[in-house]
Structure formats: structure tokens, C-alpha cells
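What follows is a short report on a single structure.
The values are calculated or read from the model by the stated rules, or taken from the named source; none is laboratory data. Keep in mind the model is a prediction, meaning the values are calculated, not measured. Neighbour counts run over all protein chains shown; Cβ positions are idealised from the backbone, glycine included.
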Amino acid sequence: MNYQVLARKWRPQNFAEMVGQHHVLRALKNALESGALHHAYLFTGTRGVGKTTVARILAMCLNCETGITSTPCGVCSACCDIREGKFPDLIEVDAASRTKVEQTRELLENVAYAPTRGRFKIYLIDEVHMLSTHSFNALLKTLEEPPAHVKFLLATTDPERLPPTVLSRCLHFHLKNMPAAMISAHMAHILTAEQIAYTLDALDLLAHAAQGSMRDGLSVLDQAIAYGAGQINVHEVRELLGHIDPQVILHILTALQQKDAQSLLQALQTGIALGADYQALLDEFITVLHQIALMQMLPHAEADQALASFAQHFSPEDVQLFYQIAVNGRKDLPWVANPRLGLEMILLRMLAFYPSEAPKVQDAYPNEHLAIAPRAQVTAPLPVVSPVPPPVIQAPKPLPIPPVNQEAPKPIAPVVNAPSDKHTLAGKSWAEMSAQLGLTGLAMALASHCVLKSVQDTGVQLALAPQHAPLLNSSSATRMETALSEYLGYSIRLKISLEETFEETLAAQQTRVQQQAQHAAEVDIKADPKVLALVQRLGAQVLTESITSR
């Protein structure tokens, strides 16, 4: 028994049977029905999207014995011969095997002769970009002014390689890649007609593997039918395509969530033991990160229950960090001597740069004063809670603050039993006071992004937004505590919690002031009489990006 592959058996024989490409079919149907026919058509697109199929259907429309129509009968001798590939007036040429100019000239010698059976003599040149420069020159004159009975149908996957002179003489139709959902639906239609059992999850995997090509999709569908002995299920399709077991990816995410390097490497080892390819495993991990990001940013998006808990635990910043590390690592993976070690380093890099939460950070910092609150959940913003007023305690008078251009004050001896109260610190905003602590480097950056949360006896608690967590470490916090104690004149204990802040920090204030100064500078420049004269008389333009405030 002769078996015919699905891509040939289910090749469309008219426009109604075509799947997708409605923008091309609509233009061709309107041209055929109105009689506005061009002499040369160029069909472009990636492999397997229907370029040659559309060209053959168009040839059938032009030569159907019922007349020029967008709905050929499919039963007349012309339609049948075109479908079987033996119509004498449809000359199909594979340009990849006929690149020489002599072959092109030989082909064009019969252009002047009338068709033997059909209404038009049609030249269908596939992969036309493979023709040589001399062949294009030989084709150009005929392509520009062909006889009335000749039509050229050109198809190519690389239109950039066609000379502009050829492109300008053709009607160009670009066929798009097909969505995976469209390919999956067509596969289901074919399998139902062929009476082959299938599951939708398996078809979705096959459709994504087709990468927008219907022909590739039907080819891999043929392979899946043979692999599954006449039935298609998701487990066998995953084995056929070399896809990763979803549990392996879930185990990797769990190890990242728990910050467990040993479990992370064990999960990777499990995936490798199951025959996973290093590149495929990394690609699958990138795909899962994309799905988690969609769940976080689009609450109404379709959610995978297995990934829902990770979307709630990881912050959007964490997911973007993992994604960026994975994508950059994918570029470097081919250059690593041992791909397994390269993949291990990519996952360990995610673990190394993953911001720590309360238990881990507190264990890492031996200082008792540094207590980090757990990361705020991404699902809902934290409410603004007003601090409880502390008891009024006798406090020393605040020391005068010298001007910035004067020398720093001498160290002040600690005051015994003179704790501060809220008003001592609140007399000036934290943004104003932190600018006078004399901090530098990372400690200064940390202070400028904090806000005052509460004061209790000799303890001060600050809040730091989670996105600035990398500024917080034992060294910067200790320097802040020391500077604040020296500023107040007595020893205090400092606590910093990670939570959303709604007050204006020193960093935000500096940014606002700078933006206001920049805006004022731009307004002054544009209002300057000399600048206005240049604009009005010479048509000059003010480049705002070149204006800087001082």
C-alpha cells in the first residue's frame, strides 16, 4: 500500500481550503473577480507557509475551463492536470537547480509561443533568489513586458536577495508564520478525519515545534503518528521532541525558592539523567519564567496551577533577574568547554544574585541591630501605618549644624542616660538629617533611600524599599548606626526593614530638585531673546538634551 504523507494528502486545492493567510487570499480573490490581473506575482515567507500552494491554486484559477474565477471547479481537465503536476502550460522551475544564465535563456525561448491548452502560459519559479545575476538580467526584460498570455509566479524565502529591478516589477505578497493555535486546530481536524486518537496537549506541543510552518507541523505529526503506533499522547510526543519533563523545571524553581544549591544541582542532574539536552533544558526554563512573568503582570491571564505558587513567591524583579541571567547564559553556552558546567554556572548565578529574605539575611549579618523584615508580597501593596507616638523623654538640645563649607565638628562625648524621642529626630526630616551625617559611598546611598519609620527609646527603625535591597549589608548599616550615634551624641541601635515606602527620600528629593532645575534651564534658554531670534529668522531648533542645569 502506498502511503501519502499528510502534507501532500491535505494540500489545499482551492482558496477555501487554505488555512490562514487571509490578507493574501483576499487580495487575490478580489483581483480575479474584478479581472485586474498583474503579469508577475511574488510570494515570500518562511518555509512551509503556503507560497507554492497559493501559486498553484492561482494557476488553477487562471486556467480553469469554467473561466477566470476565484473558485476553480477542480474537476475539469485543466484543474485535474494542474493538481497532478502534468499541465503543459504550467512550467514549474526550481531556481536552485537552474542558476545558470544559459538555462534561463533556454527557459524563456518559448515565452513568445501561445499556450497549448490553457488560457495562460504560467512560469512558476520557486526559490527565485537562487538565480544568478546574469539570469536575473536575462529574465528582467521578459518580466517587464511579457506577452499577454504569460504570467510569472515567483516564490522565495529570501526576498532581500532579489534585485530591486525585479521586485519593482512584481506584486509582492508576504505570507506570515501561522500561530500555534491555528496549526493545532488544523492538526485536530486532520486527525479527526483520519480517525486517529489524540490529546490536545500533545497537539499543542507539536504545533509549537512547527514554529509557524504548517508543512513542518504536518511532517512532525506524521512522525508522531508513527512513534505512537497510530495514536498521539502528550507523554510520547514529549519523548519524541526531546522536551523536558515539567517536574524537572518545577524542582529547579523550588530549589531556587528555598535557596538550596544542593537541591538545585540534584534537579539538574535528574533532568540530564532523563536525557534532557542542555540547550533544551535552558530554553524550557526560559519559557516557564516567561509564563510566570505573565501571571504576575496580567492577573487575568490563563494561569498554570503548578506555577501559581512561584508567581506569588517570587517578586517580578526576581523573575526578570532569572530571565536575564538565563538569556545571557544561553548566548555563552555554546562557547563553554563543558555545557553541563556552563548550565550549572547559570543556575548558580541565579542563586548567587537572588536577593535574600529575612532568615537568610539575618543569619548572614552577626550584628544584633540589623533586622530585615520579609519582602513585601507582589500581590498587594502594604498599607501605610502611622507610627505610635513614643513616650516623652527628657532629651538634650540638638547641637547646631555647621554650614556645609565649614569644617566638620569635633567628636562629641556621649551623653549618659539621654535617649532621644521622636521629636528630636522629627524636628528635621530624615531626608534633611541624613544629608548631614557625613556618610560616603554605599552607606550614603543607603541612607538617602531610607525613611524614618519609628523611634523607641534608644532604638531607631528605618524603612527601605525592596528594590533598593542590594544597598543593605552589615557594613553599610553599621556605618549608618555609628554616624547617627555621633550625630545625636549618644549610642543608638538601628533597625532597617524592607518594605514599600511612601515618603519622599533624600534620593527622591535630589532627583526632584534636579528635574525642576533642568526644566527651569530649558525654559530660560527657550525664552532667551537671542535664541528666539535664531529660531524665528533661521529656523533653528533647540536641542533640549544639550541643555544642562548648574
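Given the criteria in contact with a helix residue (DSSP H, G or I) (Cβ under 8 Å, 6 or more places away or on another chain), part of a helix (DSSP H, G or I) and either among the basic types (K, R) or exposed (fewer than 14 other Cβ atoms within 10 Å of the Cβ) (or both), does R537 qualify? No; evaluated as a whole, the condition is false for this residue. The condition of being in contact (Cβ under 8 Å) with a residue 24 or more places away in the chain, over 23 Å from the mean Cα position of the chain (by Cα) and buried (at least 21 other Cβ atoms within 10 Å of the Cβ) holds for only one of L206, L264, that being L264.
Taking H300 as the residue in question, decide whether it is out of contact with any Gly (no Cβ under 7 Å at 6 or more places or on another chain), modelled with pLDDT of 90 or more and in the same structural domain as Q258 (by TED's automatic domain parsing). First the steps, then the outcome.
Details: out of contact with any Gly (no Cβ under 7 Å at 6 or more places or on another chain): yes; modelled with pLDDT of 90 or more: no; in the same structural domain as Q258 (by TED's automatic domain parsing): yes.
No; evaluated as a whole, the condition is false for this residue.
Given the criterion at pLDDT below 90, touching a His at 6+ places or on another chain (Cβ under 7 Å) and within 21 Å of H186 (Cβ to Cβ), identify the matching residue among L205, L240. Before the answer, list the steps.
On the way: L240 fails: touching a His at 6+ places or on another chain (Cβ under 7 Å).
None of the other options fit; the residue is L205.
Residues in segment 443-464 that are surrounded by fewer than 19 Cβ atoms within 10 Å (Cβ to Cβ) and of a type outside the set (S, T, N, Q) were compared, and the one that is farthest from F353 (Cα to Cα) is D457. Just to be sure before I move on: is L6 surrounded by 12 or more Cβ atoms within 10 Å (Cβ to Cβ), within 34 Å of the chain's Cα centre (by Cα) and over 29 Å from V111 (Cβ atoms) in the structure I sent? Considered against the rule, which asks whether it is surrounded by 12 or more Cβ atoms within 10 Å (Cβ to Cβ), within 34 Å of the chain's Cα centre (by Cα) and over 29 Å from V111 (Cβ atoms), L6 comes out as yes.
Evaluate the following for N14: is it surrounded by 12 or more Cβ atoms within 10 Å (Cβ to Cβ) and outside the structural domain of I190 (by TED's automatic domain parsing)?
Details: surrounded by 12 or more Cβ atoms within 10 Å (Cβ to Cβ): yes; outside the structural domain of I190 (by TED's automatic domain parsing): yes.
Considered against the rule, which asks whether it is surrounded by 12 or more Cβ atoms within 10 Å (Cβ to Cβ) and outside the structural domain of I190 (by TED's automatic domain parsing), N14 comes out as yes.
L37 meets the conditions (1) crowded, with 20+ Cβ neighbours inside 10 Å; (2) of a type outside the set (G, A, S); (3) assigned to a loop (DSSP other than H, G, I, E, B) in every case but one. The failed one is (1). Counting only residues that are in contact with a Phe, Trp or Tyr (Cβ under 9 Å, 6 or more places away or on another chain) and farther than 16 Å from L143 by Cβ, which one in segment 113-133 is surrounded by the most Cβ atoms within 10 Å (Cβ to Cβ)? The residue in question is G118. If the condition is being surrounded by fewer than 23 Cβ atoms within 10 Å (Cβ to Cβ) and within 29 Å of L221 (Cβ to Cβ), then segment 62-74 contributes T71, G74. Taking segment 4-22, which residues are part of a helix (DSSP H, G or I) and in contact (Cβ under 8 Å) with a residue 60 or more places away in the chain? Once the filter is applied, which keeps residues that are part of a helix (DSSP H, G or I) and in contact (Cβ under 8 Å) with a residue 60 or more places away in the chain, segment 4-22 yields L6, A7.
So, restricting to helices (runs of 4 or more DSSP H) that lie completely within segment 307-374, which ones have at least 1 residues that are at pLDDT 90 or above and surrounded by 16 or more Cβ atoms within 10 Å (Cβ to Cβ)?
Hits in segment 307-374: 316-332, 339-353.
Applying the criterion of at least 2 residues that are at pLDDT below 80 and on the phi < 0 side of the Ramachandran plot to the strands (runs of 3 or more DSSP E) found wholly in segment 409-510 leaves 450-456. In the set F173, F136, only one residue is among the aromatic types (F, W, Y) and modelled with pLDDT of 90 or more; that residue is F173.
Would segment 249-257 turn up any residue that is crowded, with 21+ Cβ neighbours inside 10 Å, touching a helix residue (DSSP H, G or I) at 6+ places or on another chain (Cβ under 6 Å) and over 30 Å from I346 (Cβ atoms)? No, every residue in segment 249-257 fails to be crowded, with 21+ Cβ neighbours inside 10 Å, touching a helix residue (DSSP H, G or I) at 6+ places or on another chain (Cβ under 6 Å) and over 30 Å from I346 (Cβ atoms).
Kindly indicate whether A193 is surrounded by fewer than 15 Cβ atoms within 10 Å (Cβ to Cβ) and modelled with pLDDT under 90.
no
Does Q514 satisfy the condition of being within 37 Å of the chain's Cα centre (by Cα) and either at pLDDT below 85 or among the hydroxyl-bearing types (S, T, Y) (or both)? Considered against the rule, which asks whether it is within 37 Å of the chain's Cα centre (by Cα) and either at pLDDT below 85 or among the hydroxyl-bearing types (S, T, Y) (or both), Q514 comes out as no.
The condition of being loosely packed, with under 14 Cβ neighbours inside 10 Å and either free of Cβ contacts under 8 Å to residues at least 60 places away in the same chain or of a type in the set (A, V, I, L, M) (or both) holds for A273.
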